[in-house]
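One structure is given here, and the rest of the page talks about it.
The values are calculated or read from the model by the stated rules, or taken from the named source; none is laboratory data. Since this is a predicted model, take the numbers as computed values, not measurements. As a convention, Cβ positions derive from the backbone with ideal geometry for all residues, glycine included, and neighbour counts pool all protein chains shown. Side chains included, ligands, DNA and RNA excluded: accessible areas come from the protein's heavy atoms. Shrake-Rupley method; radii C 1.70, N 1.55, O 1.52, S 1.80 Å.
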Amino acid sequence: MSVSYWNDQSKGQNLNVDIAIIGGGISGLSCAYWLQKEDPSLRIAIIEKYEIGAGASGRNAGFVTCGSVEHFNRLVGKHGPEEALEIWRFSEKNLELLQQEIIQGDADDYLFEQRGSFSLASTETEFNELKESTKLMSAMKINVEELGQKDIETRLGAAKFVGGIKYCDDASVHPMLLLRGMKKKLGKNVFVLEQHEVHSIQTKAENKLVLTNKTNIEASMVVYATNGYSPLLHDYFSTKVFPTRAQIMVTEPVPRFMEGPCYANFVLDYFRQLPTGEMIIGGFRQLQKDVEKGYSDETSDVIQKALEHFLLEHIPAIRNAKVTHRWSGIMGFSVDGQPLVGSLPEDPQLLFACGYTGHGLGLAFHSAKVLTDCIFGRNIPKFISAKRFT
Ligand SMILES: Cc1cc2nc3c(=O)[nH]c(=O)nc-3n(C[C@H](O)[C@H](O)[C@H](O)COP(=O)(O)OP(=O)(O)OC[C@H]3O[C@@H](n4cnc5c(N)ncnc54)[C@H](O)[C@@H]3O)c2cc1C
């Protein structure tokens, strides 16, 4: 986006930092967290167009799940068993790092729970894939459990599913509490600039000059932590990260009855009961694939009705609960479903961590650590490196 002379409020004000991070979501905060941990003397700016959590990071369902962009049998089919396991372990590590570094002993402050997550099949075809996945994962010593129809009814209160899988170590969190907790852990050398929209990046001698509607930020490196919005900032992303809308709704609370959060229909639809009793349900973008592309964060009647219908059909205990909130957000889907970490081929001072394909809570904290490795010249895993596209 460009800014007119009339709207430019920067008035020549400059802030000098070592690293400027664009985007105040989980990616941007995580990048700042790992960079300051690596070197507390680094001056870092987080530049956010609205406020922290304005993007998908403050609009998601709060599942902190491992490697579940698709069923594990498919991951093995695409990547082979070794890399599939590496991808899984990467997201397991993401959760471990979040617990060690951010949540620590304060799970209740984040409404963080580690009760496992479930993937449920409503057809025999999908259940067969889940059974195959359970076998493959058990052989690799991943902590999973197969569920039958009765287990699903009694443990999850969910009807009309033929079977499923439990990923025993997965977790869930209140996403905004997580972001606020992360922000609190940033040191005095990290400057959080909200209501600052980046409109262009120029080269100034050895440095980059990030132009915003307010302050201009001079830095030796710039990180795009803008996930689905990245193609709006640089053309490089237009063939690699696709803005994809996700819609969601929440009901009023009812007494707790579910063992843990659930995915259904090949990880496309999802629901979970919050620790406070509300039911959150999202998905169904497959009903309006074309409409769900792009940057509008409205909701649509077609998808919101489908979410309501899903509740009525599958979750009897919530049938009479009123819907209190409906919203949507923009995710960044990558070409191959894996995150992208690296620098622009023609400019090593412009770096990025994005493309979480609807699973940023399960991937972004560790991906940001990998970005720090990249900045400090250490090797990074091939499956996440943007070099796989060159
Ligand atoms: C409805 C929904 C449900 C989801 N559920 C889950 C879930 O349960 N579990 C899970 O793991 N993931 C889930 N996701 C995906 C997850 O939220 C994202 O993968 C993750 O939040 C991406 O984080 P991010 O920081 O990279 O991007 P974002 O949170 O989108 O942050 C990017 C930021 O960049 C800012 N920005 C953009 N352009 C500019 C500019 N020009 N100048 C300055 N700032 C700019 C935006 O305002 C935004 O705040 C869900 C997403 C949605 C929308």
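Counting only protein chain heavy atoms and rolling a 1.4 Å probe, the accessible areas of PHE242, PHE127 rank, largest first, as PHE242, PHE127.
Taken along its three principal axes, the alpha carbon spread of the range 159-266 comes to 62, 37, 27 Å, from the longest extent down to the shortest.
When only the Cβ of Lys, Arg, Asp and Glu is charged (+1, +1, -1, -1), the dipole of the range 1-131 relative to its Cα centre reaches about 360 debye. Within straight-line reach of LYS188, meaning a Cα separation under 18 Å, sit the following lysines at least 8 residues removed in sequence or on another chain: LYS37.
Checking the cross-link pairs LYS289/LYS382; LYS78/LYS382; LYS78/LYS289; LYS93/LYS185 against a 26 Å limit on the alpha carbon distance flags LYS289/LYS382 as lying beyond it.
Where both bridge residues fall in the chain, DSSP classifies roughly 70% of the beta bridges as antiparallel. Ordered by 1.4 Å accessible area with all protein chains kept, TRP327, TRP6 run largest first as TRP6, TRP327. With coordinates expressed along the principal axes, the C-alpha atoms belonging to the chain extend over 66, 44, 42 Å, beginning with the largest. Rounded to the nearest 20, the size of the Cβ-charge dipole of the range 222-368 about its Cα centre is 340 debye, with Lys and Arg at +1 and Asp and Glu at -1. Heavy-atom surface analysis with a 1.4 Å probe gives the range 177-241 a carbon and sulfur content of 51 percent of its accessible area. Once the 1.4 Å probe is applied to the protein heavy atoms, the chain comes out at 43 Å² accessible per residue. For the range 136-242, the dipole from Cβ point charges (+1 on Lys and Arg, -1 on Asp and Glu) about the Cα centre works out to 340 debye, to the nearest 20. Shown for the range 41-145: the carbon plus sulfur share of the solvent-accessible area, taken with all protein chains present and a 1.4 angstrom probe, equals 47%. Surface calculation, 1.4 Å probe, protein heavy atoms: PHE266 sits at approximately 60 Å² accessible. Taking Lys and Arg as +1 and Asp and Glu as -1, the other residues whose beta-carbon sits under 13 Å from that of ASP170 total -3. As an exercise, find the ratio Rg/Rh for the range 33-118 from alpha-carbon atoms, using the Kirkwood inverse-distance average for Rh. When Rh is taken as the Kirkwood radius, the ratio is 1.04.
Mind grabbing the accessible area of ASP301 for me, 1.4 Å probe, Å², rounded to tens? Approximately 120 Å² for this residue.
Derived from the Cα gyration tensor, the three semi-axes of the equivalent ellipsoid of the range 48-195 are 33, 18, 14 Å, largest first.
Rounded to the nearest 10 square angstrom, ARG272 shows an accessible area of 10 square angstrom against a 1.4 Å probe.
The Stokes-Einstein estimate for the range 108-162, based on a Kirkwood radius over Cα pairs and taken at 20 °C with 1.002 mPa s viscosity, is a diffusion coefficient of 170 µm²/s. How many angstrom lie between the Cα centre of the range 181-200 and the Cα centre of the range 321-380? Measuring centre to centre over Cα atoms gives 18 Å.
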